[in-house]
Amino acid sequence: MSKSKFSNASTLVYSTDVGRRCPNCGKPVAACSCKQNKPVSKSDGVVRVSRETKGRGGKAVNVITGLALAPAELDKLCTQLKKRCGSGGTTKDGTIEIQGEHRDTLVAELSKLGYTVKKVGG
């Protein structure tokens, strides 16, 4: 009796039952626990707020870096800052991007939350 090399490969590729699945843990993407287990990046303790326009058609975006927070906490802070500025934004690769020119408002809000904040760039 020879065993098939695929007999132990029981990973589900796609199912219409729950839709897309995480390739790491196999759970539905909405209930994935892999994002929560990512290690928090190291920080020097200074939060930097910069303004970028490159690759955005001339529109300004404030980028907040240096926050050593877990992804869930980063999303929560992003939501709070978006509400304070009254604009849109997102979290990408451990940074927060807020649309528009709200650098002074962001610096004041982050200082009020207890962070050491520094304006970077022009």
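If r is the Cβ-Cβ distance from S111 to C34 and R0 is 22 Å, what FRET efficiency results, to the nearest 0.05? It comes to 0.10. Modelled label positions at R56 and D75, each set 7 Å beyond Cα in the direction of Cβ, lie 2.2 nm from each other. Taking 17 Å as the straight-line reach from the Cα of K118, the aspartates and glutamates in range (excluding those fewer than 8 positions away in the same chain) are D44, E52, E97, E101, D104, E109. With r as the distance between the Cβ atoms of D104 and C25 and R0 = 41 Å, compute the FRET efficiency 1/(1 + (r/R0)^6) and round to 0.05. Efficiency, rounded to the nearest 0.05: 0.50. Pull out a ≥ b ≥ c, the square roots of the eigenvalues of the alpha-carbon gyration tensor of region 82-122, then state rounded if a/c is under 1.5, prolate if not and a/b is larger than b/c, and oblate in the remaining case. Rounded is the answer for region 82-122, as its axis ratio a/c remains below 1.5.
Where a number appears in this text, it was derived from the coordinates with a stated rule and is not lab data. On a predicted model such as this, the values are computed, not experimentally measured, just so you know. Every residue, glycine among them, receives a Cβ derived from its backbone with ideal geometry; neighbour counts consider all protein chains shown.
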